[in-house]
1. Run the simple label-point estimate for ILE31 and CYS459 please: 7 Å along Cα→C-beta, distance reported in nm.
2. Defining a contact as two alpha carbons under 8 Å apart and six or more residues distant in sequence, what relative contact order in percent does the chain show?
3. Taking the Cβ of each residue in SER11, SER151, SER157 as the centre, tally the other Cβ atoms inside 10 Å and list the residues starting with the fewest.
4. Nearest 10 degrees is fine. How inclined is helix 322-339 to the longest principal axis of the chain, computing both from alpha carbons?
5. Nearest 0.05, what FRET efficiency do VAL175 and VAL262 give at R0 = 41 Å with Cβ-Cβ as r?
6. Only helical DSSP H runs with n ≥ 4 go in: add -39500 (n - 2.57) per run for the chain, normalise by residue count and round the 222 nm mean residue ellipticity to 500 deg cm²/dmol.
7. Pull out the extension gain between ASN543 and ASN150, defined as 0.36 nm times the separation in residues minus the alpha carbon to alpha carbon distance; nm, one decimal.
8. Please give the FRET efficiency for TYR577 paired with THR281, using the beta carbon to beta carbon distance and R0 = 60 Å, rounded to the nearest 0.05.
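Each reported figure results from applying straightforward, stated rules to the coordinates on display, with no laboratory input. Source: prediction; values computed, not measured. No Cβ is skipped: glycine too gets one built from the backbone with ideal geometry, and neighbour counts run over all protein chains shown.
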Amino acid sequence: MPENKANKNTSWLAILKPYLKPFYGTIALAIVFMTVDSLLTALRPWPLKVIIDTVLSGQNIKIPFIAGWINDPALSSTSVLYAACIAMLMIAIGTGAFSYLFTLLVGNFSQRFIFNLKITTFHHLQRLSLQFHTNKRLGDIMTRLTSDINSIQLLTSRGAMLFLTNFFLIATRLVIMFWLNWKYSLIACSVLPLLFLSIWWHTAKIKTASRVARASDGEMASIAQETLGSIRIVKGLAQEKRQDQLYVDQGKKSLAEYMGRVAHQARMSPIIDFLAAVGLTLVMFYGAKGVMAGSLTIGDMIVFFFYVSGFYSPVRAMSRQFANFSNGIAGAERVAEVLAKDIFIKKDKNVISAPCFKGMIEFKNVSFEYEPGQNVLKDISLTIQPGEHIAIIGATGAGKSTIASLLLRFYDPVKGAVLIDGNDIRHYLLESLRKQIGLILQDSYLLAGTIRENITFGCADIPDEEQIIRAAKAARAHEFICKLPRGYDDHVSEGGANLSGGQRQRIAIARAIIRDVPILLLDEPTSNLDNMFEAAVLDTLKNISYKPTIIIITHSLQAANMSDTIVVVENGEIIEYGSPDELGNNGDRFKKYIEAGLLKKR
């Protein structure tokens, strides 16, 4: 995968260039085929000129390489006619063959390039920081991954073919026009400055409208995703009309931009057609006068007129595709913007795969800030022994979850270090670090699939049936799973919407337990469980046979009291530390949290 070293001012083409590099050979060969096709296309009017001037009019003609043969008096007109007809067929066969090869190569390149780009973008999105995903709306991200990349596909397939085909047609015809008669060629090209100025102005407007419209499409997708993703809340609060209006308002903005683009496109076509007609009229007028004066043959006039009309036709064809072209460029800019984002977690040059952890964790003078100057954690130091069960409590926003994020290296501290078994975790490969930490969140998200697949998700090796059942029993999930129609093979909908919150949480706990990891990190793991199940699950965690180090972030008094050590965090600082008995007797802030209801007795 190409390494991205782009900065903010790097163009989209420069960002995507490394991903095009593997296809340079294919692109070069396609251009060769297109060049040959264009040259053969440029020969199409010459057999007709031979027939008109030699066969019908009996005049000598000036065609390189074959003029001496055609003008030979011993050659009959019938033979020349046959030769001209055969030449016409051979040109048609040649243009068809090379056009086929060109189309095949461009299509092959486009499909493979887009496939690689999708994989690369998805890979990059997964590895971008949580801060990026927090600041970007999911619908907008999905739009970049789907419709924006699809617009690039249109650009690289149909857009590339049209551009290259028309470019070579214009180039070859322009060269032959000047070779035939430079004076008439200058007359034909006299309207080009106005033509290109009109194209440039309208293209800039179309490109701007396309860019804004695609961004608006992303906003529409975000509204739809957020609404449908939280449909229970929307329905429960009867907010369907409000969400309808938000979607309609954003849709109107998108529609206005697209309509503006259509208007510019509509205005550009007749202007180009008129200017092209002016050029053709001038050539037709002066060409006819040349034939009347005897300085041109009728064949010369027909051939030149063919090239002039053939010169303007590709320009018109390209102008009609500028909307799609601009749309593809706008999509490329949005995808390039994602690929230009640096992965927040930097790799140490000497990173190694993490060894099997014993479970000793140390936060050493750690400070962290999401925004410069706004400390979330302030010089905290904390040591957790292997196998210790520690509870972190505090008010919302105190910095509890940030501590967990630093341990998982979702972020790196701005000061200090996080150590496991005495080694800075920045020296380890991320994957090898996270594989040894079991994570259970308050809102446990389940994947679409079976319960078995969700429990074993994240396991390096597929566990056997006995291991799966043992983990489910430990999480107090086995009983309800057995009551389902297909047991462990019962289907779970996306997000686990067909299960209760408590059932989802117990499956998530089983998913963490089955991996036998040395460190368990739990963020409000029992918030969706009643007293009985909470006590049972906490007891299970307390008595896991291999004794992992457990960090539990909680607002549950029961969970705090079942830990070995309680850490009280406030305003990014550790203000109290001790066993449940010690804080129960001497922890002023701990007792205030209980009195204020921040630690819930359920």
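1. My value for the distance between the label points is 5.4 nm.
2. Values: 853 pairs, mean separation 83.8, N = 602.
Reported relative contact order: 14 percent.
3. Working: SER11 12, SER151 24, SER157 20.
So the residues, fewest neighbours to most, are SER11, SER157, SER151.
4. Helix 322-339 sits roughly 30 degrees off the main axis of the chain.
5. It comes to 0.70.
6. Taking each H run of at least 4 residues, the total per residue is -19000 deg cm²/dmol.
7. On the way: separation 393, 0.36 × 393 = 141.48 nm, distance 5.26 nm.
So the chain would gain 136.2 nm between ASN543 and ASN150.
8. Efficiency for this residue pair is about 0.10.
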